[in-house]
Structures are given as C-alpha cells and as structure tokens.
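Q: To start, I am sharing the structure in question, which I have written as structure tokens.
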Amino acid sequence: QALIFHHLGRSWRKPAQSPSDPEHTRILHLFGDSEVCAFSIHNLLQAGKSYGLAAGSWVGPYAMCRAWQTLIRTNREQPEVINRNESFPMALYVVSGDEDGERGGAPVVCIDVAAQLCYDFNKDQSAWSPILLLVPLVLGLDKINPRYIPLLKETFTFPQSLGILGGKPGASTYIAGVQDDRALYLDPHEVQMAVNIASDNLEADTSSYHCSTVRDMPLDLIDPSLAIGFYCRDKGELLSLRFMSRVIQILVS
C-alpha cells in the first residue's frame with residue numbers, strides 16, 4: 001500500500017478492466033511467487049528466519065515488521081541491484097520502545113531518528129526521502145483493552161495512515177478503515193492460482209493480487225497484537241506526525 005501511495009497517489013483506484021497502469025504492474029511484479037521477485041514470500045521467509053518466520057507458522061505483527069525491515073535492507077545491499085531505490089524508494093522505520101530497537105516498552109516516534117533515516121537513505125544530508133513508519137503495538141492481553149479503541153480509530157483520520165496489520169486472533173488481516181465501531185478489513189485467506197506477472201505485461205490478469213470483498217468485524221474483537229502503518233511523502237508530512245507521537249504514547253500508557 002505504501003508503494004501504491006508513493007507511485008500512484010492516495011486517490012488511485014485499480015482499473016476495472018485491463019490494461020493495468022504500468023506502475024501498478026511493476027509494483028505487483030515485486031511480490032510475485034518467485035525468488036527473483038524482490039518481495040516474494042520466499043525472500044520474506046528467508047529474511048525473517050531470525051524472527052521465527054517459517055512456512056506454515058503463525059507469526060505476530062512485530063516479527064513481520066522486523067522481517068520486512070531485514071528484507072528491504074538485504075535487497076538494497078545486493079551488488080547486482082543497480083538502482084537500489086527502485087524497488088523500495090523510501091526509508092523504513094520500525095518504531096520500538098527502546099534505543100536498541102528491540103521489542104518492549106512504549107513505542108515512541110522519534111522525529112530525529114526518522115529524519116536521520118531519511119537522510120541516510122539518500123546518502124545526502126541535503127535530500128529528504130519518503131519514509132514508511134511501522135508501529136507494532138500490544139493493546140491488551142487476551143483481547144484489546146476498550147480504552148484504546150477510540151484512539152485506534154483516530155489513527156485512520158491521519159492522511160499518512162496506511163491501515164493496520166493484524167486482525168482476528170490467529171488469522172492475519174489488513175484493516176483498511178473503520179466505520180462506527182467496526183473494522184473494515186481485507187482477508188487474504190483464500191486459495192488462488194499462483195500468477196507471476198512480468199513487470200511489463202499490462203494485459204496480465206492481476207485479480208488474484210487483490211481482495212474483492214470487504215468484510216467487517218467489531219473493533220473490540222480484533223487481536224490486541226497489531227501494527228499501524230504510516231507513509232510520509234516528505235518532511236512536512238513527517239513533522240506533522242509530532243501530534244501522532246503523543247497519541248501513540250497515550251495508546252500504550
């Protein structure tokens with residue numbers, strides 16, 4: 001979703017029929033079912049070994065965020081990658097609760113750390129890159145603490161919001177929005193034929209890369225372990241997240 005926002009804009013919608021947008025096709029190619037695709041499930045599992053990722057295993061949002069961080073860093077370090085910003089043209093900041101970046105404690109968005117990541121991404125102290133913020137949270141024990149729900153809903157009002165990785169206990173979903181006291185989510189748990197899309201094939205059938213049905217569930221039934229995503233295109237969008245930092249502190253207080 002961050003790549004869609006970056007390349008195509010927040011208002012972009014998938015065409016009802018082929019041909020697809022060339023940039024959209026290139027994004028889908030990155031997630032193909034092949035090791036040659038930068039963000040394939042094969043490469044994600046390899047990157048997440050140290051966080052417990054394995055085929056057929058259940059992994060929480062925190063481990064998934066760290067696995068993505070490792071995968072993106074590994075991809076940028078590959079010697080054969082000529083343009084290292086092409087596949088993932090933004091910095092990534094997994095917000096954690098301590099200086100070492102390990103799990104535990106109340107996650108706090110440190111603007112100085114985020115800014116340095118943006119500068120380091122371009123290796124230019126005068127240039128500012130877009131940034132993806134992933135914020136893993138645990139908002140309860142067996143179920144979400146009700147006092148967090150209003151603030152969780154508020155995060156969807158931020159223009160930088162990418163939604164929530166999490167969902168029902170034992171079943172990952174992508175929560176794309178809220179309506180009243182219900183979460184609107186997409187469920188990927190549907191067996192479909194594997195499709196590998198060439199990056200220049202604008203006529204390819206891309207339907208299996210998308211969920212066509214939006215489901216809903218009460219917000220008080222979502223798993224308390226989740227991760228919130230935010231995409232900041234420029235310095236202004238990141239600095240406007242100062243108020244969001246306080247909201248997150250309240251969430252985990």
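Q: So Asp223 clears everything in (1) under 20 Å from Gln1 (Cα atoms); (2) touching a residue at least 60 places away in the same chain (Cβ under 8 Å); (3) part of a loop (DSSP other than H, G, I, E, B) except one condition, right? Which one?
A: (1)
Q: Further question: Here's a check for you: in the stretch 145-167, which residue that is more than 14 Å from the chain's Cα centre (by Cα) and polar (S, T, N, Q) is surrounded by the most Cβ atoms within 10 Å (Cβ to Cβ)?
A: Thr155
Q: Among the listed residues Ile41, Ile27, which satisfies the condition of being β-branched (Val, Ile, Thr), modelled with pLDDT of 85 or more and farther than 20 Å from Ile131 by Cβ? Full working, then the answer.
A: Numbers: Ile27 fails: farther than 20 Å from Ile131 by Cβ.
The conditions single out Ile41.
Q: Looking at (1) over 24 Å from Phe39 (Cα atoms); (2) modelled with pLDDT of 90 or more, which is the one condition that is false for Ser240?
A: With respect to (1) over 24 Å from Phe39 (Cα atoms); (2) modelled with pLDDT of 90 or more, Ser240 is out only on (2).
Q: Restricting attention to the stretch 38-61, which residues are among the β-branched types (Val, Ile, Thr) and part of a helix (DSSP H, G or I)?
A: Selection gives Ile41 alone.
Q: Among residues belonging to the stretch 194-209 that are out of contact with any helix residue (DSSP H, G or I) (no Cβ under 8 Å at 6 or more places or on another chain) and in a helix (DSSP H, G or I), point out the one that is surrounded by the fewest Cβ atoms within 10 Å (Cβ to Cβ).
A: Only one residue fits best here, namely Ser207.
Q: Which of the residues spanning the stretch 1-17 are within 9 Å of Tyr231 (Cβ to Cβ) and of a type in the set (S, T, N, Q)?
A: Residue satisfying the conditions is Gln1 alone.
Q: Working only within the stretch 1-25, note down all residues that are closer than 22 Å to Cys232 by Cβ and in a helix (DSSP H, G or I).
A: Residues satisfying the conditions are Ala2, Leu3, Ile4, Phe5, His6, His7, Leu8, Glu23, His24.
Q: Does Ser212 fit the bill of being assigned to a loop (DSSP other than H, G, I, E, B), among the hydroxyl-bearing types (Ser, Thr, Tyr) and touching a residue at least 12 places away in the same chain (Cβ under 8 Å)? Explain how you work it out, then say what you get.
A: On the way: assigned to a loop (DSSP other than H, G, I, E, B): yes; among the hydroxyl-bearing types (Ser, Thr, Tyr): yes; touching a residue at least 12 places away in the same chain (Cβ under 8 Å): no.
No; evaluated as a whole, the condition is false for this residue.
Q: Contact list please: Cβ distance under 7 Å, first residue in the stretch 149-164 and under 13 Å from Leu219 (Cα atoms), second residue acidic (Asp, Glu) and not in a strand (DSSP E or B), pairs at least six apart or on different chains.
A: Within 7 Å, the pairs are Ile149/Asp220.
So that you can scan it fast, the table gives a plain yes or no per residue for (1) touching a Ser or Thr at 6+ places or on another chain (Cβ under 7 Å); (2) closer than 26 Å to Leu134 by Cβ; (3) in contact (Cβ under 8 Å) with a residue 60 or more places away in the chain:
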position	(1), (2), (3)
Gly170	no, yes, yes
Val178	no, yes, no
Leu184	no, yes, no
Glu190	no, yes, no
Ser199	yes, yes, yes
Ser207	no, no, no
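Q: I'm checking my understanding of the structure. Among residues of the stretch 55-78 that are of a type in the set (Gly, Ala, Ser) and out of contact with any helix residue (DSSP H, G or I) (no Cβ under 7 Å at 6 or more places or on another chain), which one is surrounded by the fewest Cβ atoms within 10 Å (Cβ to Cβ)?
A: Filtering first and then ranking leaves Gly56.
Q: Filtering the stretch 26-37 down to residues that are of a type outside the set (S, T, N, Q) and assigned to a loop (DSSP other than H, G, I, E, B), which residue is surrounded by the most Cβ atoms within 10 Å (Cβ to Cβ)?
A: Only one residue tops the list, namely Gly32.
The values are calculated or read from the model by the stated rules, or taken from the named source; none is laboratory data. What you are looking at is a predicted structure, and each value in this text was computed from that prediction instead of being measured. Ideal geometry is used to build each Cβ from the backbone, glycine not excepted, and the neighbour counts take in all protein chains shown.
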